[in-house]
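**Q** Structure below; questions to follow.
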Amino acid sequence: MNRGPVAEIDLSALQHNLSILRKRINDRPVIAVVKADAYGHGAPEISRRLLEEGVGTLAVAFTGEAKKLREAGIAAPIIVLFDRDDPSDYFDFHLTPVLQDVATAERLSREAGRRDARLGVHLKIDTGMGRIGFRAEEAVAVAERIAGMKGLEITGLMSHFSEADLADRSYAERQLRIFSGIRAEMTGRLGCPLLCHMANSAAALSLEDAVFDAVRPGLLLWGYSPFPEQYGLRPLMKIRTRVLALRAMAAGCPVSYGRTFVTSRPSRIAVVPLGYADGYSRHFSNNAEMLVRGVRVPVAGRVCMDLTMLDVTDVPGVAEGDEVVVLGRQGGESISACELAPKAGTIPYEILTSLGRAARKEYHS
Ligand SMILES: *Cc1c(COP(=O)(O)O)cnc(C)c1O
């Protein structure tokens, strides 16, 4: 038996989600955020399909991720959101850095000088996220300084929302106003066109004014909206595994570590080869369901490192080797990352990255 779960990735859903997005943003350009291996979906395959569907630019967190995409033959522009390391990578692999400090700009400028090359850079403004970026008050002065550095050309301006997913829009709108102000001032002072982008999935779906020159979504591409409303998006990821062993147990038998589940009747317990080492949170102990033969069945006892037990007593005919669906559809039932996330005290993003990372991928177009 192959270890662990399989992630079936439905690339036609990616096309569907992209078309839903494009209708909402009047076909404006999309910068697809494929960091963290495309949130666990597999960055090379996802990126290839996105580019086929007309997406022009990709964004990743670190240069290592961008290098992997280049090695996979992807030639499209790649924006590196967070990395400040080796300046030579940006030149060697034709990557666009996002600058959030002057020291990195100086290092890149020196490297450009050594190579007699030019590098397009985007500037990140902290409009209220409180993570990284130039402070709003210093942004224009800093931009003028960087624009004067040899070999560097400011081609883009970006910021990031802190809470565009809340029903209360006031803080997102405040960030938006700050960004708009800086954009206007900077465009005037620098006198060159800037690609301005701010909208994550939440803003792309709900804040028309946040679209600017491009949107920068991740989550919605994988078929999840950060709102209760799902906008007709279709999840790409299905996680499946198989029944490893089936046990008949009398009433009163404990199941798994710590005896947190004790059979209340003669029971059939299925053992599934998937555990927290596969990204299936221990918080799902006695607290989540999986699908077997199209029926929801409860997790029985603690989730272990490599194994999880299910109470399949009420499902007739379950056999060893049966498909078990952890995430996604089976028969008429389905389990979504939105259902699992609160049970583990987290958000769909973490469910997708955790389960996706560990699973062997199978792509369907
Ligand atoms: C992750 C990320 C995004 C995408 O956010 P989603 O909520 O997944 O759409 C956009 N911009 C930045 C800077 C990010 O870190």
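The values are calculated or read from the model by the stated rules, or taken from the named source; none is laboratory data. Remember, it's a predicted structure, so these values are computed and weren't measured experimentally. Here the Cβ is made from the backbone with ideal geometry for all residues, glycine too, and neighbour counts use every protein chain on show. These accessible areas exclude ligands, DNA and RNA; they are computed on the full protein's heavy atoms, side chains included. Shrake-Rupley method; radii C 1.70, N 1.55, O 1.52, S 1.80 Å.
**Q** Relative contact order for the chain: what percent, with Cα pairs under 8 Å and sequence separation of 6 or more?
**A** The normalised contact order for the chain reaches 19 percent.
**Q** Here's another thing I want to ask about it. Could you list log10 I(q)/I(0) for the range 58-204 at q = 0.15, 0.19 Å⁻¹, which the Debye formula gives when each Cα is one point scatterer?
**A** -0.76, -1.15
**Q** Using a 10 Å Cβ count of at most 14 others and DSSP loop calls, identify the longest part of the chain lacking such trypsin sites (Lys or Arg not before Pro).
**A** Free of exposed loop sites, the longest segment is 170-365.
**Q** Probe radius 1.4 Å, ligands and nucleic acids left out: which of 104, 353 has the largest accessible area, and how do the rest follow?
**A** Most to least solvent-accessible, the answer reads 353, 104.
**Q** Right, something else. In a GNM of the chain with a 10 Å cut-off on Cα contacts, which of 237, 186, 198 has the highest mean-square fluctuation?
**A** In this elastic network of the chain, the residue with the biggest mean-square fluctuation among 237, 186, 198 is 186.
**Q** Let's see if you can work this out: charge +1 on each Lys and Arg Cβ, -1 on each Asp and Glu Cβ, no other charges. What is the dipole magnitude of the range 83-209 about its Cα centre, in debye to the nearest 20?
**A** Here the size comes out at about 380 debye.
**Q** Another question, then. Using label points projected 7 Å from each Cα along Cα→Cβ, tell me how many nm separate residue 23 and residue 53, to one decimal.
**A** For residue 23 paired with residue 53, the spin-label model returns 1.4 nm.
**Q** Looking at the calculated P(r) for the chain, what percent of the C-alpha pair distances fall above 29 Å?
**A** Everything past 29 Å amounts to 48 percent.
**Q** Toward the positive end of the charge dipole of the chain, about the Cα centre and with charges on Cβ (Lys, Arg +1; Asp, Glu -1), which of 161, 261, 334 goes farthest?
**A** 261
**Q** By the gyration tensor of its Cα atoms, with a ≥ b ≥ c the square roots of the eigenvalues, what is the shape of the range 206-332: rounded for a/c under 1.5, prolate for a/b over b/c, or oblate?
**A** It is prolate, given that a/c is not under 1.5 and a/b is the larger ratio.
**Q** Suppose R0 equals 35 Å. What FRET efficiency, 1/(1 + (r/R0)^6) with r the Cβ-Cβ distance, do residue 365 and residue 320 give to the nearest 0.05?
**A** Once the sixth-power term is evaluated, E becomes 0.65.
**Q** Probe radius 1.4 Å, ligands and nucleic acids ignored: give me the carbon and sulfur share of the accessible area of the range 11-127 as a rounded percent.
**A** 47
**Q** Determine the percent antiparallel among the DSSP beta bridges restricted to the chain, to the nearest 5.
**A** 50
**Q** Another question, if that's okay. Among 299, 262, 243, which one shows the biggest mean-square fluctuation in a GNM of the chain, springs joining Cα atoms closer than 10 Å?
**A** In the Gaussian network model the winner is 262.
**Q** Now a separate question. Roughly what would the spin-label model give for residue 118 and residue 213, points 7 Å off Cα along C-beta, in nm?
**A** 1.4
**Q** How big, in percent, is the set of alpha carbon pairs in the range 136-273 lying more than 27 Å apart?
**A** 51
**Q** Give me the extension gain from residue 12 to residue 144: residue separation times 0.36 nm, minus the current Cα-Cα distance, reported in nm with one decimal.
**A** Gain on extension, residue 12 to residue 144, equals 43.1 nm.
**Q** How high is the FRET efficiency from residue 334 to residue 75, r the C-beta distance, R0 56 Å, rounded to 0.05?
**A** According to the calculation, E is roughly 0.90.
**Q** At 7 Å along Cα-to-Cβ for each site, give me the label-to-label distance between residue 132 and residue 82 in nm.
**A** It works out to 0.7 nm between the two label points.
**Q** Starting from the Kirkwood radius over alpha-carbon pairs of the range 97-166, derive D by Stokes-Einstein at 37 °C in a medium of 0.692 mPa s and give it in µm² s⁻¹.
**A** Answer from the Stokes-Einstein relation: 262 µm²/s.
**Q** Let me ask you something else. Magnitude of the Cβ-charge dipole of the range 206-365, K/R +1 and D/E -1, about the Cα centre, nearest 20 debye?
**A** 620
**Q** Just how large is the dipole of the range 264-308 about the Cα centre, in debye to the nearest 20, putting +1 at every Lys and Arg Cβ and -1 at every Asp and Glu Cβ?
**A** It works out to roughly 240 debye.
**Q** Still on this structure, please answer the following. Once the whole set of protein chains is in place, how much accessible area is left on residue 289, using a 1.4 Å probe, in Å² to the nearest 10?
**A** In the full protein context, residue 289 sits at about 60 Å².
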